[in-house]
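Participant: This structure is in C-alpha cells; I'll ask about it shortly.
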Amino acid sequence: MFEVEPVENKQPQGRAAAAADKRFRAFDPHQALLLPPSLDDRLPEGHLAGFVADLVDDVLDPGPVLADYTEKRGFPPYDPRLMVRLLICGYTTGVHSSRAIERKCVDDIAFRFLAADQAPDFRSISRFRRRRQGRAGTSDESAVTEAGHKAAAKARPKPKAQANFTDPDSRIMKNGAGAYIQAYNAQAVVDEAHQVITAADLTTNASDTLDYTTMLDQSHANTGIHPGQALLDAGYCSETNLEAAKDRQLACGTETFMATGRLGHDEQVPPAPRGRIPANATLKERMARKLRTKPGKAAYIRRKAIIEPVFGQIMTCQNGRRLMLRGEDGARAEWRLLAACHNLRKIFRHVGTAGLTAAIG
C-alpha cells in the first residue's frame, strides 16, 4: 500500500462561487495516478482501431514487407506493423497526409492506440508509404523534377501546349461539374450484394472505352468467378466493347447491359418497339433495344444503386477526391489502397471486431 496525501478541493481564485450550495463531481487536473493509464481502457469496445490492429497483427501477411528490409546497418526503423496500422486507419477514415497522421498520433486516441503511443514523424510515414506501394513513381525528388523538365521540353515546341510539372503523368480531364482539371480516370467493379470492390484500376485515358474488358478480367482474377451481369454507363459504349460483350456472354456467361447514350434530366426510357429486331440492326441498336425491354430496364436501373454509392463513400467518408502520390504508378497504388480500405470498412460494419476475432480463431 502507498500513502497518498489527500488533495484539498480548492475554489479557483478569481471565480465566483455557485449561487446555491451545489456539490460538483470531483475535478482535479493535477491528480497523480497510482498506475500509468492503458490506451486499451480508453478505446471504446468495438472501435475501428481495434479491428485494424487485429487485422494487421493476425490476418495480413507481413512477409512481403519484411523481405524488403535487407540492410542491417543504420538506425532501427519503425516496426512495419505500426506503419501499416496507421495507413489503413488513415485511409479508412479520410486522413491521408503524412503530417496529419503525425498529428493524429499525438492528438487522437485511436491513432495513439494503433501506434502504441509512439509518434512517427511525417517523413518516416511518407517514405514508408511510397516505398511500400510498389515504389510508386519515385521517392527521389530530383527524378520528379527531371520528369517535369521533360514535360516542359515536350510542350515547348507547341505554343499552346500545356504541361503539368507537379505530376507529368496526369492528364486534363472534364469532371462531373463540367470543369477541366488535372486528373486520372479511376475505375472500379463492385458487387451487387455488399458493394464490395472486386477490381480497381486507374488510367490516364479520359474515355472509359478501353477499360471494359480489362476490368472484368481483373475482377475474375481477384474473385475466381465471372459476374452474371455487367451494368455499364454510356462512357463504355463502343463497337469494340459491344463485340467483346457478345463474345463474353458466350464464353463466360456474363450478360452485359451497356447504355448507348445519355438521357436528359428526368427523361424516361421509351418502351421497346413491338415486333422482331431487324436482321440488319447493328450491335448498338440491338443493345439500345435490349435496355428498353422490361428485363433490361429492371437490370440497368440497379446500376446507380450499386456503383454510385461506392464512389460517393470513397470521396466523402475517405476523402478520396485527391491523391497524395505523384506519377501514374503511385496514383494507381493509392487508389487501390482506398478501394481496399473501403472493403475493410464494409467488413468492419458487417462483422465488427468480434466477428474478425471469431473468423481467425
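Participant: Can you give the convex hull volume of the alpha carbon atoms of region 185-309 per residue, in Å³?
Facilitator: Convex hull of Cα atoms, per residue: 120 Å³.
Participant: What FRET efficiency comes out for F165 versus T316 if R0 is 45 angstrom and r is the Cβ-Cβ distance? Round to the nearest 0.05.
Facilitator: That gives a FRET efficiency of 0.90.
Participant: Per residue of region 303-315, in order, report the coupling 6.51 cos²θ - 1.76 cosθ + 1.60 (Karplus, θ = phi - 60°) as ³J(HN,Hα) in whole Hz, putting x for Gly and Pro.
Facilitator: 4, 5, 7, 9, 8, 4, x, 5, 5, x, 5, 5, 5
Participant: A further question on this structure: Through the Karplus equation 6.51 cos²θ - 1.76 cosθ + 1.60, θ set to phi - 60°, convert the phi angles of region 167-183 into ³J(HN,Hα) values in whole Hz; use x for Gly and Pro.
Facilitator: My calculation for region 167-183 gives 9, x, 6, 6, 10, 7, 9, 9, 8, x, 7, x, 8, 8, 10, 7, 7 Hz in order.
Participant: Given the options V190, P309, G296, identify the residue whose Cα lies farthest towards the positive end of the charge dipole of region 185-309 (+1 on Cβ of Lys, Arg; -1 on Cβ of Asp, Glu).
Facilitator: Farthest towards the positive pole: G296.
Participant: Which order results if Y69, Y236 are arranged by neighbouring Cβ count within 10 Å, fewest first?
Facilitator: Fewest to most other Cβ atoms nearby, the residues stand as Y69, Y236.
Participant: Could you derive backbone 3J(HN,Hα) for region 214-227 from the dihedral phi with the Karplus parameters 6.51, -1.76 and 1.60 (θ = phi - 60°), listing whole Hz in sequence and x where the residue is Gly or Pro?
Facilitator: Whole-Hz 3J(HN,Hα) from phi for region 214-227: 5, 6, 5, 5, 5, 4, 5, 5, 7, 9, x, 9, 9, x.
Participant: Which cross-chain or sequence-distant (5 or more) residues have an amide H under 5 Å from the amide H of T198, H modelled 1.01 Å from N in plane?
Facilitator: V189, V190, D191
Participant: Hey, got the dipole for region 185-309? About the Cα centre, +1 on K and R Cβ, -1 on D and E Cβ, debye to the nearest 20?
Facilitator: Result for region 185-309 is approximately 780 debye, rounded to the nearest 20.
Participant: Moving to a separate point now. Mind listing the long-range amide H neighbours of Q229? Cut-off is under 5 Å, sequence gap 5 or more, other chains count too, H placed in the peptide plane at 1.01 Å from N.
Facilitator: Counting only residues 5 or more places away or on other chains, the set is E255.
FYI, it's all coordinate maths here, none of it is from the lab. What you see is a predicted model, and the numbers here were worked out from it, not measured in a lab. Every residue, glycine among them, receives a Cβ derived from its backbone with ideal geometry; neighbour counts consider all protein chains shown.
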